[in-house]
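Read the structure below first, then the notes.
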Amino acid sequence: QVQLVESGGGLVQAGGSLRLSCAASGLTFNRHVMGWFRQAPGKEREFVAAISWSGGNTYYADSVRGRFTISRDNAKNTVYLQMNSLKPEDTAVYYCAAKGTNSINTASQNYDYWGQGTQVTVSS
């Protein structure tokens, strides 16, 4: 059974930082592109960042590029999202996702597995 478990969400003030983690099990972790998506109330789920199998390629949404960093530790079956210079607009539930190719894709429909999400709230 594939399981993705996010952690690290919480309440942070604008300008602060937060580090999200996603622990994966039940899949060949280093043969899956890992991605982060987020969804705010009343809005569609949107792409945040993705990373290739070995971490050599990353891609970010324009709204977070330069502020967020995605990384992975294949020995720990874990992907991270370091979020700096947080803004109130970053407030959302953040989801970890996995897809079984080495082609980075920004569409949620192309991801095979999803975590339960972790809430990130940025206060002004």
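Odds and ends about this structure:
- Counting only Cα atoms, the chain measures 40, 27, 25 Å along its principal axes, largest extent leading.
- Here the chain exposes an accessible surface that is 43 percent carbon and sulfur, computed with a 1.4 Å probe and the other protein chains kept in place.
- Debye, to nearest 20: dipole size of the chain, +1 on Lys, Arg Cβ, -1 on Asp, Glu Cβ: 160
- For the pair ASN30 and ALA61 in one chain, pulling the backbone fully straight at 0.36 nm per residue adds 8.9 nm over the alpha carbon distance.
- Residues listed by number, region 18-56, amide nitrogen under 12 Å from THR101 label point at 7 Å toward C-beta: 33
- Mean separation of Cα contacts under 8 Å (6+ apart) over length of the chain, as relative contact order %: 36
- Solvent exposure of the chain, expressed per residue, is 50 Å² of accessible area, with all protein chains present and a 1.4 angstrom probe.
- Taking the DSSP beta bridges with both ends in the chain, the antiparallel portion is around 90 percent.
The values are calculated or read from the model by the stated rules, or taken from the named source; none is laboratory data. Treat the numbers as computed from the prediction; the structure is a model and nothing was measured. Every residue, glycine as well, gets a Cβ built from its backbone with ideal geometry; the counts of neighbours run over all protein chains shown. Accessible surface areas use protein heavy atoms only, side chains included; no ligands, DNA or RNA. Shrake-Rupley method; radii C 1.70, N 1.55, O 1.52, S 1.80 Å.
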